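Undergrad: Let me give you the structure first, and then I'll get to my questions.
The values are calculated or read from the model by the stated rules, or taken from the named source; none is laboratory data. A quick note: this is a predicted structure, and the numbers were derived from the prediction, not measured. Here Cβ is always computed from backbone atoms with ideal geometry, including for glycine, and neighbour counts include all displayed protein chains. Accessible surface areas use protein heavy atoms only, side chains included; no ligands, DNA or RNA. Shrake-Rupley method; radii C 1.70, N 1.55, O 1.52, S 1.80 Å.
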Amino acid sequence: MEVKLITKEQAWQLRHQVMRPTEEFDYIKLPDDDEGLHYGLFDGGELVSGVSLFVQGKEAQFRKFATLTERQNCGYGSRLLTHVLKEAKRRGVKQIYCNARVNKVSFYEKFGLSKTDVVFNKGGKDYVVMERSC
């Protein structure tokens, strides 16, 4: 397995396939994707997990974290997130956060992220903002 930077186009393809396959392709694009760092975890040359990191000064947000459905619960996402958290710290980030689906809170807690009081619904899914210091 190998984690490396990927193009936004590779990130879009994975996001669409995993997160919103029934939506129009443009639905999974973010307005600031050009400013993001897109990371992918490859296994045997296949992109199996991806996440986008947006650094703004001493803060960062990771977004659009996706792992191929058939490869979930195999440790790929954990390995990728560990890499991205280390990379954020290396880049001088002091605080990192994400918008976590409510049903995935326990996954992010394993990485030291804590729930905030900010909750919202988007696209019919409930989210909570989670954060941690780097």
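Undergrad: Summarise the long-distance tail of P(r) for region 1-74 by giving the % of C-alpha pairs beyond 20 Å. It would help to have the intermediate numbers written out before the result.
TA: Details: 727 of 2701 pairs.
So the portion of pairs separated by more than 20 Å is 27 percent.
Undergrad: Please identify, among Val118, Val51, Val105, the residue showing maximal mean-square fluctuation in a Gaussian network model of the chain using a 10 angstrom Cα cutoff.
TA: Among Val118, Val51, Val105, the largest mean-square fluctuation in the Gaussian network model of the chain belongs to Val118.
Undergrad: Just by accessible area at a 1.4 angstrom probe, what is the order of Asp33, Asp117 from largest to smallest?
TA: On the way: Asp33 5, Asp117 150 Å².
Solvent-accessible surface, decreasing: Asp117, Asp33.
Undergrad: Tell me which trypsin sites (Lys or Arg not before Pro) from region 31-134 have a DSSP coil assignment and no more than 13 other beta carbons within 10 Å of their own.
TA: On the way: sites: Lys58, Arg63, Lys64, Arg71, Arg79, Lys86, Lys89, Arg90, Arg91, Lys94, Arg101, Lys104, Lys110, Lys115, Lys122, Lys125, Arg132; in loops: Lys58, Arg91, Lys94, Lys110.
Those that pass, being in a loop and sparsely packed, are Lys58, Arg91, Lys94, Lys110.
Undergrad: Give me the three principal axis extents of region 48-106 from the C-alpha atoms, as integers in angstrom, largest value leading.
TA: So the three principal-axis extents are 36, 22, 16 Å.
Undergrad: Checking the cross-link filter: which lysines have an alpha carbon closer than 25 Å to that of Lys125, excluding same-chain neighbours under 8 positions apart?
TA: Straight-line reach from Lys125, under 25 Å: Lys8, Lys29, Lys64, Lys104, Lys110, Lys115.
Undergrad: What part of the accessible area of the chain, given as a whole %, is carbon or sulfur when the probe is 1.4 angstrom?
TA: Numbers: 3450 of 7640 Å².
Solvent-exposed carbon and sulfur of the chain make up 45 percent of the total.
Undergrad: Something else: Of Val55, Val119, Val84, which is the most mobile in a GNM of the chain whose springs link Cα atoms less than 10 angstrom apart?
TA: Top of the fluctuation ranking is Val119.
Undergrad: For region 18-101, which chymotrypsin sites (Phe, Trp or Tyr not before Pro) are both in a DSSP coil and crowded by at most 14 other Cβ atoms within 10 Å? Walk me through the numbers before you get to the answer.
TA: Details: sites: Phe25, Tyr27, Tyr39, Phe42, Phe54, Phe62, Phe65, Tyr76, Tyr97; in loops: none.
Nothing satisfies the criteria.
Undergrad: Continuing with this model, one more query. Could you check how many percent of all C-alpha pairs in the chain are farther apart than 23 Å? Provide the component values of the computation, followed by the final result.
TA: On the way: 2566 of 8911 pairs.
Looking at the chain, the distances longer than 23 Å represent 29 percent of pairs.
Undergrad: Same structure, new question: Report the Cα centroid-to-centroid distance between region 1-64 and region 99-134 in angstrom, as an integer.
TA: What the calculation gives is 18 Å, centre to centre.
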